[in-house]
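Take a look at the structure set out below.
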Amino acid sequence: MIKGAAGLGAAAALEMAGLGVVGGRPGAKALASEGAREETMPHVSVKLWPGRSEADKQRLADAITEDVVRIAGCSESSVSVSIEEVASADWKKRVYDPEIRGKSEYLYKKPGYSM
């Protein structure tokens, strides 16, 4: 589902507070399929250009929540999703430079563009 979120032009950051380190990757933990059912507190922040309807943003938040619950092995009640619209004129300054270029070591999906 995150692939679909990227298709909507979203830059998403998943922060899982309280997760340990597995395989040298911060924030990684055994998947639910591996028996880990800890209550984590994932928060997903999505930034995208203005123009999506409230219904589309809700569908995106629901899809992200569903995947986080399934993959991270947490309950739906522990997931939060924020969606922030950022004007295209401000994208480089507010999103690309600080969050994509500035935190590239945390990107699990890199954009197919550069600025």
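The values are calculated or read from the model by the stated rules, or taken from the named source; none is laboratory data. Only a predicted model underlies this, so the values are computations on that prediction, with no experimental measurement involved. Cβ atoms come from the backbone with ideal geometry, glycine included; neighbour counts cover every protein chain shown.
Numbers below:
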read-out: Residue check, Tyr113 assigned to a loop (DSSP other than H, G, I, E, B) and of a type outside the set (Lys, Arg); value: yes
read-out: Those residues of the stretch 71-89 which are part of a strand (DSSP E or B), hydrophobic (A, V, I, L, M, F, W, C) and in contact with a Lys or Arg (Cβ under 8 Å, 6 or more places away or on another chain), in sequence order; value: Ile83
read-out: Leading residue by the ranking (farthest from Ala63 (Cα to Cα)) among those in the stretch 83-95 that are within 15 Å of the chain's Cα centre (by Cα) and crowded, with 16+ Cβ neighbours inside 10 Å; value: Val95
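Condition check ((1) assigned to a helix (DSSP H, G or I); (2) modelled with pLDDT under 90; (3) touching a helix residue (DSSP H, G or I) at 6+ places or on another chain (Cβ under 7 Å)) across all residues:
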residue	(1), (2), (3)
Arg37	no, yes, no
Ser45	no, no, no
Asp56	yes, no, no
Ala61	yes, no, no
Glu66	yes, no, no
Val69	yes, no, yes
Trp91	yes, no, no
Tyr96	yes, no, no
